[in-house]
C-alpha cells in the first residue's frame, strides 16, 4: 500500500476511539472472515480516501459506535414502547387475527402481548440505531473516495496539459512527476496522487515504475488509473514522453468537452423536471382551496400551511441538492503558495485588515513587534474607513456583519412603534405591509449589498482572464522572437490594452526593482485568486525556472485556456435557457395564483355576500356559508407568501445552475421577489 499523506481527519479520532476499536476487535473477527469481499472493498476505499486506519481497526470502531448507538436507541425504544402500550396510551385489543380455543394459551397471550410489543419496539429502535452508527461510519471512506474521484476527474485535463508543457520545456520524466507532486495548491487531489509516488520512491526505496503501478491500482479515478498505466508502458518501453503527453492532452480536452455536453444535457432534463415539481404545490393549493368550499370535506388550514411553508421550500432545496450532484464548482481557491523562501511574498497573499501580513509572524517575540502590529492594524483600519467600498468588494460576505444588525434594528423598531403587526390575525388584516416589514425589508437590507459587492468582486477578478488566451498567444509570439519572458511581458503590455496587460507591466516593474519573476507572478495570481488563472501561472512559473525560451509552454497554456473558453461559452449559452425556463415557471405560478385570487376566491366571496336575500333559489349556497369553510384573508396571505417563497427559491436555483454558486442567485432572487411584491400589490 502506498504511503498516505493525509493524516488529518481520517477517522482515527484518537485514544478513546482506538480503545473502542480494540474492544470490539473480537466481534469483528467473528463477523468478518479473511476473504470477506466487504472488508476488501472497505480497505480499497480507505486507501482511495487517503485515510490512514487499517481496515480491521476501522470496522471494529464502526461496530463499537454501532453498538453504542444501537444500545441508546434500544433504551429509547423500550421507554417509548412502555409509554405507548403499558400505560394504555395506545389500546392493544387484538394481537393476532385468528381465534384461540385453549384458555391457558389465550391467557399466556394476554399476559405477554404488552411486554412483547414493548420488546419488539426496543428491538426495532436498536436495529435502526446500530444501522445508523455502523453505516454512517462505514460510509465515510466511500464518500471521501467519491469526492476525490470527482475532483481528480475535473482537474485531470489541466494536469495533463501542465505535464505536457513541462515536457516541451525540457524536463525529464522524474522532474515532471516531482513538479506535479509539488503543485498541490493548484492541482489538488491529482497532485496528491503523484505525491504518493514521490514519497514511495524517496522513503521506501521503491523504484518509480513500481510506485506508478501501485498508484494506478489505488487511485479512485479510473481515468487517472488509465493515464498512469499508459504512462508506465511508455516509461518501460523508452517511448517519447512528450508525444505521449501531447496525445493525452488532446484526448482529455475532447473528453472534457464531452463531459460538459453530458452535464448540460442533464441540466436541461432537470430544468424540465423543475417545471413539473414547482407546479405541484400550486396544483395542491388549488385542490385544497376547492375542497375547503365543500362543507363535508375534511381539509384543514394546517394542510395549506404545510404546503406553502413546508412543501415549497423543501421542493426548492431538494432540487438544489439534485443539481449539485451534477454541477460542481471549480476546485481550488486560486491561491498559490510561494516556494522561493520569501516570507514577505508568502504573507502578502491576503494582507489587509483581516491579515496584517509579515508582522504577525513575529508578534510575541519582542514588544516592538506588538507595537508594530498595533500601528499596522490602526493603519489598515483607517484605510478601510477611507475606502469601505474597496474592503467590501474584496470581502463581500462581511457586508452581513452590518446588514443583519441593521435589519434587526429596523424590524424591532417597527414592532415597538406599532407599525408592524404583532399577531397572525393582525398580519391577515394587512398582509402586504406585514410581509414587507418581516420579509422584504430584511431580505433587501441583507441581500442587496451582498449581491452588489459580490458581483463587483467577481467581475473585478474575472476581468483579468477575459483576454488571457489572446495575451498568452502574444506572449508566445514575443518569446519566439528571442525576447526573454520578462521582456515579452513588457512587449505585450506596450501593445495591448486591458487589465491583464497592465498587470504584465506591473510585474515588469517589480522585477526591475529587485523582486524575482516567480515571486511577482505569484503575487499577481494571489491578487485575483482565480483557479483557472492559478493553473496558468503555475505552469509559467515552473517552466521559466528551467529556461527563458518557453514559447511551446506558453502556446500550450494558450491552448488550454482556449479550451476552457470554449467550454465556458457553451455552458453560458445552454444554462441561459435553463434560467429562462425557471423564470417563466415562476411567472406562470404567479399568474395562476393571481387569477385564482381575483377570479375565483374574490368572486365566491362576492356570491356569499349577495346570497342573503336570494330566497329559496340560493338556499344551498346560504347553507354552505363560505365564511365558515374558507377564510378569504388567510388564503390571500398564503397565496402571497407562496409566490414570495417561490420567487426567492427560484432565484437561488437560477444562480446555482448559472454559476455553480448559491450566492450568485441573490440578484435573481431580489428581482423575482420584487416582481412577486409588485404583482401581488396590483392583485390585492
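Quick note: the coordinates plus some simple rules give every number you see, no bench work behind them. Please read these numbers as outputs of a predicted model, since none were measured by experiment. When we count neighbours, we look across all protein chains shown, and the Cβ atoms used for this are built from the backbone with ideal geometry, even at glycine.
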Exposure proxy order (Cβ contacts within 10 Å, fewest to most) of 319, 244, 640: 244, 319, 640
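Any chance you could run the full-extension gain for residue 279 through residue 265? It's 0.36 nm times the residue separation minus the Cα-Cα distance, nm to one decimal.
Values: separation 14, 0.36 × 14 = 5.04 nm, distance 2.20 nm.
Extending this stretch completely gives an extra 2.8 nm.
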field: segment 630-683 and segment 465-515: distance between their alpha carbon centers, rounded to Å
entry: 47
- prompt: Fewest first, what order do 259, 43 take by the number of other Cβ atoms within 10 Å?
  reply: 259, 43
- request: Order by neighbour count: 492, 643, fewest other Cβ atoms within 10 Å first, most last.
  value: 492, 643
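Going by the alpha-carbon gyration tensor, a ≥ b ≥ c the square roots of its eigenvalues, is segment 127-270 rounded (a/c under 1.5) or, if a/c is not under 1.5, prolate (a/b greater than b/c) versus oblate?
Oblate.
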- prompt: FRET efficiency for residue 272 and residue 382, Cβ-Cβ distance as r, R0 = 51 Å, nearest 0.05?
  reply: 0.40
- request: Specify the inter-centroid distance of segment 140-185 and segment 401-456, based on alpha-carbon positions, in whole Å.
  value: 49
query: According to a simple spin-label model (label point 7 Å from Cα along Cα-to-Cβ), what is the distance in nm between residue 124 and residue 147?
result: 3.5
message: Once you place label points 7 Å from the Cα toward the Cβ at residue 209 and residue 417, how far apart are they in nm?
response: 8.3
